[in-house]
Amino acid sequence: MAISKKIEVNLANSSFIRKMFEEGEQLRKIYGPDKVYDFTLGNPVNEPPEIFKQELKKLAEHPIPGMHRYMSNAGYSETRQAIAEVLAEQSGLAFNEQHVVMTAGAGGALNVVLKTLLDPGEEVIILIPYFVEYKFYIDNFGGVVKEVATNKDFQLDIDAISEAINEKTKAIIINSPNNPTGVIYSAESLDKLEQVLKAKEKQFSREIYVISDEPYAKIVYEDNTVPSIFKHIQNSIVVTSHSKDLALPGERIGYAAASPRINNIDLLMDGLVFCNRILGFVNAPALMQRLVTHLQRESVNIAEYQEKRDLLYNHLTDLGFKMIKPQGAFYLFPKNPIEDDNKFLETAKKYNILIVPGGGFGCPGYFRLSYCIDKKIIVNSLPAFTDLAKELGMKTN
Ligand code: PLP
């Protein structure tokens, strides 16, 4: 066998993603791209902000000597300084460039952080529903996944987290604004989490880290805000990227930043920089580092996402679908109106509606719609949802 048994199993377990993508392509060929309502992918269709293109042009016209060379494994000093400045403002803590490592996206940052923290057999808590890649990333370094439920509104279930912590717990990954629910964890719940972590750290005489995965931190609606994790949790590490806020997922640019309040922070940062190197990333893409240095306070147009959320959310709730109104990110996570997730998936497909079943996030009984797609496709999909609701005998509100 050419591949390891472990990869063979993981491949089989994640083949549904590829299958969904292929089905979408097939349907688009038959019906045309405007008549297939593909809500499966988190790959934004919008372009990066104009200022990104201006910066790119500037750099191309006035190249900096040596700009394509290796740099420190942590990344460019000026990029990390620009990030540290914003983190210091948000948290009130003494961040500087030493607390930031540039990475190949949030996915790269998660792998770097987990590689740095984990000894084989140590446990990492993830919260249901979760971003499916967490399981593979934890497994990459011999970690053990511990799944913990959230409450009925998908907020932190502090008691459940407390019960799940034991002498092997090394970290908990949280993701706010959340993929797939759109929920933002409140400042109060983060304070309660910190209380539990402090008590457990004392009980087990070891540190427990909160890895806060925040690629959607700038995609928030109305007057919602994302509390700075650094203000609330001592042992906190943020992993994030510009895949969503600047619409640059293909460019693989992000960072990991660790709280200045962590004991032995210098050693932790040395570990992160070393792991960025030995995982073979070496450093984050040089050109992108230069560009995002000047874009730390920029984002794509959030009003466009809010308009898309409202279009879908209002129509689906009118049809009788039940869901939490997302505070951020670009996903809806409605309850499945019928018992059987597979039957729902197949019935939706009859109307050219493609969704991801909640089982993909460890949360059967729900489904995810990703609305980072063309507004026209969302508008065109609304009558198809009406027909689907009719077939399922749903009672409209
Ligand atoms: N974390 C979450 C919750 C995500 O939804 C994604 C991407 O969809 C990532 C991490 C990875 O993002 P990146 O492109 O920065 O690796």
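The values are calculated or read from the model by the stated rules, or taken from the named source; none is laboratory data. The structure displayed is predicted, hence computed values, not measured ones. Virtual Cβ from ideal backbone geometry, glycine too; neighbours counted across all protein chains shown.
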- Can you confirm whether segment 68-86 contains a residue that is farther than 22 Å from Asp266 by Cβ, within 16 Å of the ligand (Cβ to nearest atom) and surrounded by 15 or more Cβ atoms within 10 Å (Cβ to Cβ)? no
- Item | Enumeration of residues in segment 332-364 that are under 21 Å from the mean Cα position of the chain (by Cα) and assigned to a loop (DSSP other than H, G, I, E, B) | Phe333, Pro334, Ile355, Gly362, Cys363, Pro364
- Note on the structure: Those residues of segment 259-297 which are assigned to a helix (DSSP H, G or I), of a type in the set (A, V, I, L, M, F, W, C) and touching a Phe, Trp or Tyr at 6+ places or on another chain (Cβ under 8 Å) amount to Ala286, Leu291
- segment 209-227 - residue that is within 10 Å of Pro177 (Cα to Cα) and either in contact with a Phe, Trp or Tyr (Cβ under 7 Å, 6 or more places away or on another chain) or charged (D, E, K, R) (or both) and, of those, nearest to the ligand (Cβ to nearest atom): Asp213
- Test Ala247 against the stated conditions and say whether it is within 12 Å of the ligand (Cβ to nearest atom), in contact (Cβ under 8 Å) with a residue 12 or more places away in the chain and crowded, with 24+ Cβ neighbours inside 10 Å. no
- Message: For the structure I just gave you, tell me whether Thr181 is assigned to a loop (DSSP other than H, G, I, E, B), touching a residue at least 24 places away in the same chain (Cβ under 8 Å) and within 16 Å of the ligand (Cβ to nearest atom).
- Response: yes
- With respect to Pro227, is the statement that it is assigned to a loop (DSSP other than H, G, I, E, B) and either out of contact with any Ser or Thr (no Cβ under 7 Å at 6 or more places or on another chain) or under 17 Å from Leu93 (Cα atoms) (or both) true? yes
- Among Glu201, Glu207, Glu194, Glu188, which is acidic (Asp, Glu), modelled with pLDDT of 95 or more, surrounded by fewer than 22 Cβ atoms within 10 Å (Cβ to Cβ) and over 23 Å from Leu118 (Cα atoms)? Glu188
- Only one residue in Val132, Val145 is closer than 17 Å to Gly360 by Cβ, surrounded by fewer than 22 Cβ atoms within 10 Å (Cβ to Cβ) and within 15 Å of the ligand (Cβ to nearest atom), so which one is that? Val132
- Residue, farthest from the ligand (Cβ to nearest atom), within segment 94-118, restricted to residues that are out of contact with any strand residue (DSSP E or B) (no Cβ under 8 Å at 6 or more places or on another chain) and assigned to a loop (DSSP other than H, G, I, E, B): Ala94
- Query: Which of the residues spanning segment 330-343 are free of Cβ contacts under 8 Å to residues at least 40 places away in the same chain and touching a strand residue (DSSP E or B) at 6+ places or on another chain (Cβ under 9 Å)?
  - Reply: Pro334, Lys335, Asn336, Asp341, Asn342
- segment 364-378, residues that are under 21 Å from Ile219 (Cβ atoms) and not acidic (Asp, Glu): Tyr366, Phe367, Arg368, Leu369, Ser370, Tyr371, Cys372, Ile373, Lys375, Lys376, Ile377, Ile378
- Item | Selection count, segment 159-169, where residues are loosely packed, with under 15 Cβ neighbours inside 10 Å, within 17 Å of Glu188 (Cβ to Cβ) and in contact (Cβ under 8 Å) with a residue 12 or more places away in the chain | 0
- Ser15 passes all but one of (1) modelled with pLDDT under 90; (2) within 16 Å of the ligand (Cβ to nearest atom); which number fails? (2)
- Look through segment 120-129, keep the residues that are touching a residue at least 24 places away in the same chain (Cβ under 8 Å) and away from the ligand (no atom under 12 Å from the Cβ), and return whichever of them is surrounded by the most Cβ atoms within 10 Å (Cβ to Cβ). Val124
- Which residue, of Leu87, Leu127, Leu118, is touching an Asp or Glu at 6+ places or on another chain (Cβ under 9 Å) and either over 26 Å from Asn301 (Cβ atoms) or of a type outside the set (Val, Ile, Thr) (or both)? Leu127
